[in-house]
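One structure below.
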Amino acid sequence: MERILSEDEKIKRAEEIYLRRNNMMPIRRTNSTNNKGNFKNKLLLNLLLMINLVIIVFVVQNKDYIFATEFLSEIDKYTASIGVQIKEFLKSEKLDNSNENINTSGSDAVISESNNEEISKEENIKEEITEEKSSSISEMEIDANNIKSSYSLTKPLLSYIVSSGFGARESEYQNVTGYHTGIDLAAEKGTTINASMEGIVELVSSEGDYGKHIKIRCNNITTLYAHCSSIFVQEGQIVRQGQPIGAVGSTGNSTGSHLHFEIRVDDRYVDPSKIIDF
């Protein structure tokens, strides 16, 4: 039996029929899918920014270790790549939002301002790294020029092969560090090591990764000779330039018979090849 409609229901039914015939029925839409997409995009953006912040903190804390020319070149490439990826991501997100018309003009302005701030931070960090790199290189150049103008250092070995230079390096051996603080001169075990400059023997030791090693100081300049098989001098002894002070070996953290030779100004490492023509 058909139910008899009330007057109010008849009026409501008539309105619906009229609206349907004139294509005026309201269309209900949901932004749940769009909102989910926006949440994922923002989460991905925050994750990228957090990863970059962790890398930046690591770089700042270890700047004395990693600011070698080769390493900083890779950092520059990485920073530039990340900057491009972020810009492309923000551009695509802005385009999607524009096509879907799900953001108001006020929210677009807030997002745009936030994106500009993040890009500005990335650019500032890149500039700081570049300045630090330039400062580090300039300081080493200054130290090297000061040593060459005041002293005349000689080669510690007469016969050798340069097996590893100063700075960042790669090696198949796990016990070889990624940053080299001196220069390695491969030679036969027992080859005589001569003092590169005059000075006082500040340290004779057989402890640590250097193995048997010698430090000779002249004013604020220190030369170090490591991985020796034997040592001919004692702490406190004054040595002249060219005097035999030890013999090549492979003691300590070493992968073969060689001399690890360092030059320092105070506590700063200087590339020996900038001072001596090996």
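Every residue, every condition in (1) of a type in the set (S, T, Y); (2) at pLDDT 75 or above; (3) over 30 Å from S92 (Cα atoms); (4) outside any helix (DSSP H, G or I), yes or no:
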position	(1), (2), (3), (4)
E2	no, no, yes, yes
L19	no, no, yes, no
N23	no, no, yes, yes
N35	no, no, no, no
N41	no, yes, no, no
L49	no, yes, no, no
V60	no, no, yes, no
F71	no, no, yes, no
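In summary, strands (runs of 3 or more DSSP E) completely within the stretch 200-278 and bearing 3 or more residues that are surrounded by fewer than 22 Cβ atoms within 10 Å (Cβ to Cβ) and either in contact with a helix residue (DSSP H, G or I) (Cβ under 9 Å, 6 or more places away or on another chain) or without any contact (Cβ under 8 Å) to a residue 60 or more places away in the chain (or both) occur at 212-218, 221-231, 258-265.
If I ask for residues that are surrounded by 14 or more Cβ atoms within 10 Å (Cβ to Cβ) and either among the aliphatic types (A, V, I, L, M) or modelled with pLDDT under 95 (or both), which ones from the stretch 159-176 would you list? Quick ask: steps written out before the conclusion?
Initially, the stretch 159-176 is screened for residues surrounded by 14 or more Cβ atoms within 10 Å (Cβ to Cβ), giving 160, 163-169, 176.
Answer for the stretch 159-176, where residues must be surrounded by 14 or more Cβ atoms within 10 Å (Cβ to Cβ) and either among the aliphatic types (A, V, I, L, M) or modelled with pLDDT under 95 (or both): S163, S164, G165, F166, G167, A168, R169, V176.
The values are calculated or read from the model by the stated rules, or taken from the named source; none is laboratory data. It should be emphasised that the depicted structure is a prediction, and the values quoted were computed from it without experimental measurement. Every residue, glycine as well, gets a Cβ built from its backbone with ideal geometry; the counts of neighbours run over all protein chains shown.
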